[in-house]
1. Given the conditions (1) out of contact with any Asp or Glu (no Cβ under 9 Å at 6 or more places or on another chain); (2) facing chain A (nearest Cβ under 10 Å), which single one is not true for B:Thr20?
2. Determine which member of the set B:Phe68, B:Phe104 is under 19 Å from A:Leu43 (Cα atoms), out of contact with any helix residue (DSSP H, G or I) (no Cβ under 9 Å at 6 or more places or on another chain) and of a type in the set (A, V, I, L, M, F, W, C).
3. Give the number of residues within region A:1-27 that are at pLDDT 95 or above and small (Gly, Ala, Ser).
4. Please specify each residue of region A:41-59 satisfying the condition of being of a type outside the set (A, V, I, L, M, F, W, C), farther than 14 Å from A:His29 by Cβ and not in a strand (DSSP E or B).
5. Pairs, please: C-beta under 7 Å, at least 6 apart or cross-chain, first residue in a loop (DSSP other than H, G, I, E, B) and in region A:82-109, second among the hydrophobic types (A, V, I, L, M, F, W, C) and surrounded by fewer than 20 Cβ atoms within 10 Å (Cβ to Cβ)?
6. Give just the number: which of (1) surrounded by 20 or more Cβ atoms within 10 Å (Cβ to Cβ); (2) under 13 Å from the mean Cα position of the chain (by Cα) does A:Gly99 not satisfy?
7. If B:Asn103 satisfies every condition in (1) touching a Leu at 6+ places or on another chain (Cβ under 9 Å); (2) assigned to a strand (DSSP E or B) but one, which is the exception?
Amino acid sequence: ETGVTQTPRHLVMGMTNKKSLKCEQHLGHNAMYWYKQSAKKPLELMFVYSLEERVENNSVPSRFSPECPNSSHLFLHLHTLQPEDSALYLCASSQDRRGSEKLFFGSGTQLSVL
Amino acid sequence: AQKVTQAQTEISVVEKEDVTLDCVYETRDTTYYLFWYKQPPSGELVFLIRRNSFDEQNEISGRYSWNFQKSTSSFNFTITASQVVDSAVYFCALSEAVNYGQNFVFGPGTRLSVLP
């Protein structure tokens with residue numbers, strides 16, 4: 001069993017659809033993150049949750065809506081996305097938010113917006 | 001502001017060659033952490049190493065070695081006797097300790113292709 005599991009692995013959606021990405025961590029970590037990885041761009045931090053509280057939102061458009069119901073689960077709700085939102089969305093977790101803590105990543109959801 | 005530069009976008013080598021991936025960073029903090037991650041085709045980033053700013057000892061782990069030089073703000077990664085399984089995208093990252101927050105900055109990555 002991997003430490004951080006993301007579903008689905010692939011998702012194709014139209015611009016008017018609503019979908020959700022799911023992330024689950026089995027490591028007992030207290031912090032969880034959403035990253036966006038686009039072609040030819042560095043990894044972009046989207047959201048940070050610590051102990052189920054959102055502590056960082058890096059100017060992400062409101063069409064992305066995160067949810068963290070407990071310390072093991074993290075969701076990213078998507079609605080009315082744009083084609084430029086097509087990317088690999090990676091979930092990560094860490095023991096806490098200290099700068100020394102390493103991140104553990106899931107395999108990502110490859111999202112295509114048509 | 002933090003910044004991580006990986007000047008090599010893509011590198012191709014033949015199996016058993018040695019290869020060095022460069023990483024140069026910028027930070028104003030005296031306490032910070034440097035990381036290397038590997039992203040194979042499966043997608044997940046796999047942690048390889050973490051270094052804090054007070055430990056400049058080079059590290060070797062099997063075929064992997066890391067050279068940290070504060071004087072040049074570099075944290076280079078060498079793979080000795082490369083293998084096809086080493087083919088992946090490698091990311092260097094910097095995290096500062098000033099703020100209590102995961103302030104990771106990733107470099108753009110270097111795509112390594114090891115040819116048989």
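The values are calculated or read from the model by the stated rules, or taken from the named source; none is laboratory data. All values derive from a computational prediction rather than experimental measurement. When we count neighbours, we look across all protein chains shown, and the Cβ atoms used for this are built from the backbone with ideal geometry, even at glycine.
1. B:Thr20 satisfies all of (1) out of contact with any Asp or Glu (no Cβ under 9 Å at 6 or more places or on another chain); (2) facing chain A (nearest Cβ under 10 Å) except (2).
2. On the way: B:Phe68 fails: under 19 Å from A:Leu43 (Cα atoms).
Answer to the selection: B:Phe104.
3. The total comes to 1.
4. Hits for region A:41-59 are A:Lys41, A:Pro42, A:Asn58, A:Ser59.
5. A:Gln82/A:Met15; A:Gln82/A:Val113; A:Ser86/A:Val113; A:Gly99/B:Ala97; A:Ser100/B:Ala97; A:Lys102/B:Phe47; A:Gly108/A:Leu88
6. In the conditions (1) surrounded by 20 or more Cβ atoms within 10 Å (Cβ to Cβ); (2) under 13 Å from the mean Cα position of the chain (by Cα), A:Gly99 misses (2) alone.
7. Tallying (1) touching a Leu at 6+ places or on another chain (Cβ under 9 Å); (2) assigned to a strand (DSSP E or B), B:Asn103 fails exactly one: (2).
This table checks each residue for (1) at pLDDT below 95; (2) under 19 Å from B:Gln8 (Cβ atoms); (3) within 14 Å of chain A (Cβ to nearest Cβ).
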residue	(1), (2), (3)
B:Tyr32	yes, no, yes
B:Tyr37	no, yes, yes
B:Phe54	yes, no, yes
B:Ser61	yes, no, no
B:Phe77	no, yes, no
B:Val89	no, yes, yes
